[in-house]
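**Student:** Handing you a structure now.
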Amino acid sequence: MKNIVILISGRGSNMQAILEARLPLTVAAVISNDPKAGGLATAQKHGIATRVVDHRAHANRAAFDTALSTEIDAFKPDLVVLAGFMRILTGDFVNRYRGRLINIHPSLLPSFTGLDTHRRALEAGVKVHGCTVHFVTPELDHGPIIIQAAVAVLESDSEVTLAARVLAEEHRIYSQALRWFCDGRLEITPQGTVTILAARGAGGALASPALDS
Ligand code: GRF
């Protein structure tokens, strides 16, 4: 059985969805950079070991990342799962876990890297928005894409309503990506894209607004 460590910074709803998805894996630990992260209590309720590596207690990014990797490595994970982990990681850290570090981002990458994705999607007037699970590489929000889910952007949407619809999809696709990982079905090609072995093919096309006919 694969062993994972989940890194969080806040409420941890993606972490919770993973814990409740009955995946064929062991969550060895949940680690937060913030002692106040709400997700820590949720993890404890599920009987998962928790650790805090407070970024404020470290002089710089490199020192924090070294302390973080020491905690992670103690659990010998096959995969490190970023689930709302809001710290930018150094190249050294990312390279240490190359191919075994994944993230969820609340946009259809490569659009809207970085923060405030829902506000920026609304401002840009895109009609389709969504979320992406990807392998992490040193360039922020640019690693090989594993799975994406799209939602229609509605005329009536606020940042809050759009975020909620995207979040529901995040919870679905993160568990799916982890299941593929556990089953050994994720392959990074020499071109730096991801192939899902024996994938079921594309979902139906989404046009938004809907076509007239
Ligand atoms: C999610 O939208 C995730 O994509 C982003 O931060 C949010 C974290 O939410 N990186 P949660 O802590 O998993 O509830």
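**Student:** Using Cα-Cα distances under 8 Å and only pairs 6 or more residues apart, what relative contact order does the range 19-125 have, in percent?
**Tutor:** Once normalised by length, the contact order is 18 percent.
**Student:** Let me ask another. Over the chain, how many percent of alpha carbon pairs lie in each 10 Å bin up to the one with the longest distance?
**Tutor:** 8, 33, 37, 18, 4, 0, 0
**Student:** For the pair Ala124 and Thr195, what calculated FRET efficiency results from E = 1/(1 + (r/R0)^6), where r is the Cβ-Cβ distance and R0 = 35 Å, to the nearest 0.05?
**Tutor:** 0.70
**Student:** Another question, if that's okay. So if I take the centroid of the Cα atoms in the range 5-42 and the same for the range 48-67, what is the distance between those two points in Å?
**Tutor:** If we compute the Cα centre of each part, the gap is 16 Å.
**Student:** Could you work out what % of the accessible surface of the range 67-213 is carbon and sulfur, using a 1.4 angstrom probe and leaving DNA, RNA and ligands out of the count?
**Tutor:** The C+S portion of the solvent-accessible surface of the range 67-213 is 53 percent.
**Student:** If every alpha-carbon in the range 27-123 counts as one equal scatterer, what log10 I(q)/I(0) does Debye give at q = 0.16, 0.19, 0.25 1/Å?
**Tutor:** -0.78, -1.04, -1.40
**Student:** Let me ask you something else. Output the relative contact order of the chain, whole-number percent, from Cα pairs under 8 angstrom with separation of 6+ residues.
**Tutor:** Worked out over the chain, it gives 18 percent.
**Student:** Most mobile of Gln16, Gln148, Gln44 per a Gaussian network model of the chain (Cα springs, under 10 Å)?
**Tutor:** Highest fluctuation among the options: Gln44.
**Student:** So, one more: Using 7 Å Cα-to-Cβ label points, what is the Asn3/Ala207 separation (nm, one decimal)?
**Tutor:** Placing both labels 7 Å beyond Cα along the Cβ direction yields 5.2 nm.
**Student:** What lysines sit close enough to Lys45 to cross-link, taking a C-alpha to C-alpha distance under 29 Å and skipping anything fewer than 8 places away on the same chain?
**Tutor:** Lys2, Lys36, Lys76
**Student:** Mind giving me the FRET efficiency for Ala62 and Ser158? R0 is 41 Å, r the Cβ-Cβ distance, nearest 0.05 is fine.
**Tutor:** 0.55
**Student:** Right, another one. Kyte-Doolittle mean at least -0.5 and Cα extent at least 15 Å along the axis: which DSSP H helices of the chain qualify?
**Tutor:** Long hydrophobic helices here: 61-74, 159-182.
**Student:** To continue, here is another question. For the range 173-188 and the range 121-168, write down the distance between their C-alpha centroids in whole Å.
**Tutor:** Comparing the Cα centres of the range 173-188 and the range 121-168, I get a distance of 20 Å.
The values are calculated or read from the model by the stated rules, or taken from the named source; none is laboratory data. All values derive from a computational prediction rather than experimental measurement. When we count neighbours, we look across all protein chains shown, and the Cβ atoms used for this are built from the backbone with ideal geometry, even at glycine. The area values use the complete protein model at the heavy-atom level, side chains included, leaving out ligands, DNA and RNA. Shrake-Rupley method; radii C 1.70, N 1.55, O 1.52, S 1.80 Å.
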